[in-house]
1. Which FRET efficiency value, to the nearest 0.05, is calculated for B:L82 and A:D270 with the Förster distance at 41 angstrom and r the Cβ-Cβ distance?
2. Among B:P200, B:L259, B:F16, flag the residue with its Cα farthest along the positive direction of the charge dipole of chain B, charges on Cβ as +1 for Lys/Arg and -1 for Asp/Glu.
3. Quick one, can you get me the convex hull of the C-alpha atoms of the range B:215-310 expressed as volume per residue in Å³?
4. Once fully extended, how much extra length lies between A:N358 and A:F224, figured as 0.36 nm per residue of separation less the alpha-carbon to alpha-carbon distance?
5. Which whole-number value in Å³ per residue fits the convex hull of the alpha carbons of chain B?
6. Grab the beta carbon distance between B:R293 and B:I322, set R0 = 45 Å, and tell me the FRET efficiency rounded to 0.05.
7. Please tell me the relative contact order of chain B in percent, rounded to the nearest whole number, where contacts are Cα pairs under 8 Å and at least six residues apart.
8. Roughly how many Å is it from the Cα centre of the range A:176-245 to that of the range A:286-351, as a whole number?
Amino acid sequence: MSPTDSEPQSGSETRTESGASRERGDDACEDPAVDAVAGNDDALDAEEMVADTDRASRAVTGHGRKGRVAAEGGASSGARGASPDHRSDGGASSGTSGTSSELRADGGSVSEFEQMAEVSLTEHERRRQWFDEKLLAPARIVWNDWRARFGFFVVTFYLLMGTVGPLVVTQPKPNQGDYLIGAFRTMDHPFGTTASGTDILSQIVHATPSMLIMITAGAVFTVFLGTTIGTLAGYKGGRLDSVLMTITDVMMTIPGLPLTIVLAAALRIDGNPAVIGILITINAWAGLARAIRSQVLTLRDAEYVEASRIMGIPTPKIIGSDIIPNLMPYITMNFVRQARAVIFGSVGLYFLGVLPYNSVNWGVMMNAAVNRAGATSSPAAFHWLLVPMLTIILLALGLTLLAQGADRVFNPRVRARHAKSVEGGGDEESTTTGGI
Amino acid sequence: MSYVLKRIGQSLLTIFVVVSASFGLIRLLPGGPLDYLRAQAIQQGGSDMTMAEINQRIAAQTNIAVNEPIYVQYVDYMGAILQGDFGQSIWYEEPVTSIIGPAIPWTVFLTASALFLAFTVGVSLGAIMAYREGSKFDVGSTGVGLVLNSTPGYVVALLFVAFLSYRYGFFPTGGRYASELTPGFNVPFLLSVLHHGALPIASMSIVGFGGWALSMRGNSIRVLGEDYLRVARLRGLSTRRIALRYVARNAILPMYTGLMIAIGTVFGGAVIIENIFAYPGVGFYLIQGINARDYPLMMGGFILITVAMVIGITIADLTYGILDPRAKGGASRESY
């Protein structure tokens, strides 16, 4: 029971965070104490905000600019990704980032729709800028935050363990060494051996690929279904909404793990890890769909979505380019959260011995340790139980920290601060350190 | 009022769907439970058992009379469940209701205490962390909360069993209470119940409170920056009143829906925890039923866990209005 699995609260957190920090920014005579309390390095600073409003007041409002980007680019979906909250990033994320810098410089004398860009970018510059914004900036963000960096390393390590690991480490088989060697006793078997002399390290490594497949399958299934149903219900509304939400509510109130156990027993499935992954998250999509729907309800009436509707852009395209990009941070966080839930659920159920399997598995190892060697009652076999448990905790911790990092990566203000080629990226530093 | 009715209707719908699904799983799947039961009956009864006898036996076990048309089977099954008849356990050779019925209060005892403990401790800790944001206490607690949040409950349970029960013998390794005691409201019995329940409750709540603390911390920090809080301070309200009525109330509200999802997680997690501690609750019997291929016991356990959870969630949802007066309207409200 980990309440952070309760998606909605963190969702509202991210949403309200930007709202709250905006309010702080507008409030000129801010009490420094309150500011410190509310200080979150993701949140924008008051000065930054003031600078932004200043720019905007030079006749280039967020909305106006958006309209212009659309007009200049000639692209029907020019407003993409530019929610009013994310004004400074609006131009950048819609791919016509070159325009956003000129727009500010030219003042408000000419009608917004007649303006031409004064500076043109070469193909090479464009590519370099894209590379900087899309790849380097996220990398810098991850690198600058030790938690995200730790999470990134851990997850990469497990990915390597799942792909390269089985090629490097020998296949686990009985009688690789003496029975029940403790952990860290010999160099041959760093994590010790099982009651049948199987090397624990090689078991852990060879269990990784199927675990990774299981995690990916479960997380992709949940996120895909949850996002699709949530967006559809929220955007369409009406009868479709109430039908979908009734189904969702029913699914949500069925306890997940018992449902998985019963289905696994009745359906006689084989041990395919992808199937198991989906089975474990069988009704997890419901919670996500609920949360996504409530976010879509607020986005549905946003000005830029309304604009797209008036322009006659088909609904799937509006959902794809106006709605979903705004939900990406939330969706990514949930992907990672679901991944963690799959690990917890699958290992727990394998430990109970109620899921079919066709290869070694961390949960199966724990089951064997307890049932065959009595790892809970005899200290000699305890390492057999401890090593898989630590493996799970480390991976879960890595995923949690990576999710926090992902939150920062998707925060357009944090990203803009780290993208060197975006205008304002450089002087951001000076404004933030300027002090009140 | 209409919201209350709608909510209760939805809960009934959920239970209806679950019971129907359990009928479908037992009856309709080829090579599923029913075929298994038939094979088992033939094996045990030998060749002198007629088909009618076998069918009768299956009907007694699962409430499904195989020779009737399918809709009759369905109506009979639903009717039997409504009357609280979940069939006959194959393994225990007793009605499922008389096995799982007495187990329900124990599961509810474990889950409710664990949830309550995790929530209150987490919320208090999170509030303190928010007030002392940036201090060593805050940084340390955040780290601990993150690690605990990344630990599954059964890992803690296994560590508890290994060290506190087996190695040092502080706690019993299984059961609901010491077997020589007579159940009732006497002190030794209640103490024994607490002694046996302590570790399961602790292992479920320890992994939970970190997450609550982190969300409470985040919410409180956000509330502390709100304008209405400055107004409250300027009005000269007491710190205590501000902390409880303004900060705590508004910070807890967004977590309330999380509480409902947590009810589900706790009930699911209890299945694993009860088995580790050999604690005869509903989850314990559910797994027993699966391991013994005792389908009536398994399905009865599943349906009753769902009912318990649906009741819990409905109560939590209906009391939301007490905490948040804005939710009274109901219709426009967005939960979850």
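1. Details: r = 36 Å, r/R0 = 0.88.
So, using R0 = 41 Å, E works out to roughly 0.70.
2. Of the listed residues, the answer is B:L259.
3. Values: hull volume 11.0 nm³, N = 96.
Output value, Cα hull per residue: 114 Å³.
4. Working: separation 134, 0.36 × 134 = 48.24 nm, distance 2.71 nm.
That pair, A:N358 and A:F224, stretches by 45.5 nm at full extension.
5. Details: hull volume 63.1 nm³, N = 336.
Per residue, the Cα convex hull of chain B comes to 188 Å³.
6. Numbers: r = 46 Å, r/R0 = 1.02.
Here the calculated transfer efficiency is 0.45.
7. Details: 375 pairs, mean separation 78.6, N = 336.
After rounding, I find 23 percent.
8. Here the two parts' Cα centres lie 23 Å apart.
No value in this document is a laboratory result; all are computed from the given coordinates. Quick caveat, the model's predicted, so the values are computed rather than measured. Glycine gets a Cβ as well: all are built from the backbone with ideal geometry, and neighbour counts include every protein chain shown.
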